[in-house]
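The values are calculated or read from the model by the stated rules, or taken from the named source; none is laboratory data. Worth saying up front: this structure is predicted, and the values here are computed from it rather than measured. Positions of Cβ are generated from backbone atoms using ideal geometry, with glycine treated the same way; all protein chains shown enter the neighbour counts.
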């Protein structure tokens, strides 16, 4: 049995009653009913559809998963599709959970695809603002959206902390390891997913603000405007973090390229220094008489040439910052 609540004249009168009693409560114009369904079957939704006069397309959307966040307006009701987000700092992955809602004049029906969509958080927001309950369905919808948008904001804030940690690795002396590269990839993928569920929420909340008079009086408009501001902040923050992750990735590649160039310069410089003694000893290895041939001073002269030329090359490369 799903969760149920009955508000009458702005007061919570009952909860936990059978869903079958919903139609009886809705006969009273002063009553506002909410009930929740978690992973319902097609038959259960069809029964609710007949009870509330829901459009068949809205029912079909509620049964299908991975719909985009949206607000569809029908003649007798509205259909809302939303996602909550949860970011795991250990893995850098973002989990999203989908839910739908049918909004009528005197009823709100929430349809969840998983228990990870915490309906207790939604009811807690309703209980924290009992003075707004007199505004009916608009009050219920606001609590639902407030929970959803807060989850987006918490997720983007956690991702921001991860990106700050990644920024510190850009100019680190040690090369970027596979773990940091993997974390950068996971954070970038999480931002893409978060952007996909946050961006459409601007249109959703904006439409609710413009059509707020259909769900109740205009007193709830500032509360929906506050949610809209939160959506804008989350959207802008997500966009800026997406650009920042791209910059961090480019910086990692640039730093790796610079380190490779530095290593190549050092290897080339040492190879040039080592080539000097190789050349001198190879030259004196000819089977012909050379200056100092057969005399000890010839050996010491070749050694002195190796040391002097190698020292000159080392100083020259050091001056050019090649070593």
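Quick notes on this structure:
- If you go through the range 136-158 and keep only what is surrounded by fewer than 22 Cβ atoms within 10 Å (Cβ to Cβ), over 15 Å from residue 80 (Cα atoms) and touching a helix residue (DSSP H, G or I) at 6+ places or on another chain (Cβ under 6 Å), you end up with just 153.
- Tally, over the range 45-59, of residues that are surrounded by 15 or more Cβ atoms within 10 Å (Cβ to Cβ) and either out of contact with any strand residue (DSSP E or B) (no Cβ under 8 Å at 6 or more places or on another chain) or not assigned by TED's automatic domain parsing to the domain that holds residue 19 (or both): 4
- Filter result for residue 6 (more than 30 Å from residue 128 (Cα to Cα) and either crowded, with 19+ Cβ neighbours inside 10 Å or in the same structural domain as residue 129 (by TED's automatic domain parsing) (or both)): no
- Considering residues of the range 20-52 that are in a loop (DSSP other than H, G, I, E, B) and in contact (Cβ under 8 Å) with a residue 40 or more places away in the chain only, the residue nearest to the chain's Cα centre (by Cα): 39
- Of the residues in the range 11-19, none is surrounded by 18 or more Cβ atoms within 10 Å (Cβ to Cβ), part of a strand (DSSP E or B) and either more than 28 Å from the chain's Cα centre (by Cα) or touching a residue at least 24 places away in the same chain (Cβ under 8 Å) (or both).
- Residue count, the range 66-76 (criterion: assigned to a strand (DSSP E or B) and more than 30 Å from residue 187 (Cα to Cα)): 2
- Among the residues of the range 282-303, those that are at pLDDT 70 or above and surrounded by 11 or more Cβ atoms within 10 Å (Cβ to Cβ) comprise 298, 299, 300, 301, 302, 303.
- Test for residue 68: is it under 26 Å from the mean Cα position of the chain (by Cα) and either outside the structural domain of residue 104 (by TED's automatic domain parsing) or modelled with pLDDT of 85 or more (or both): yes
- Test set (1) within 17 Å of the chain's Cα centre (by Cα); (2) at pLDDT 90 or above - residue 166 fails condition number: (2)
- Residue list for the range 205-223, filter: in contact with a strand residue (DSSP E or B) (Cβ under 8 Å, 6 or more places away or on another chain) and either assigned to a loop (DSSP other than H, G, I, E, B) or at pLDDT 90 or above (or both): 211, 215
- Count of the range 105-138 residues, restricted to those that are assigned to a helix (DSSP H, G or I) and over 29 Å from residue 193 (Cα atoms), is 9.
One line per residue, one yes/no per condition, for (1) in contact with a helix residue (DSSP H, G or I) (Cβ under 8 Å, 6 or more places away or on another chain); (2) in a helix (DSSP H, G or I); (3) at pLDDT 80 or above:
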{"site": "225", "(1), (2), (3)": "yes, yes, yes"}
{"site": "231", "(1), (2), (3)": "yes, yes, yes"}
{"site": "237", "(1), (2), (3)": "yes, yes, yes"}
{"site": "240", "(1), (2), (3)": "no, yes, yes"}
{"site": "246", "(1), (2), (3)": "yes, yes, no"}
{"site": "256", "(1), (2), (3)": "no, yes, no"}
{"site": "261", "(1), (2), (3)": "no, yes, no"}
{"site": "271", "(1), (2), (3)": "no, yes, yes"}
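- Residue that is nearest to residue 59 (Cα to Cα) [pool: residues in the range 77-104 that are in contact (Cβ under 8 Å) with a residue 24 or more places away in the chain, more than 10 Å from the chain's Cα centre (by Cα) and not in a strand (DSSP E or B)]: 77
- The lone criterion from (1) part of a helix (DSSP H, G or I); (2) under 24 Å from residue 14 (Cβ atoms) left unmet by residue 162 is number (2).
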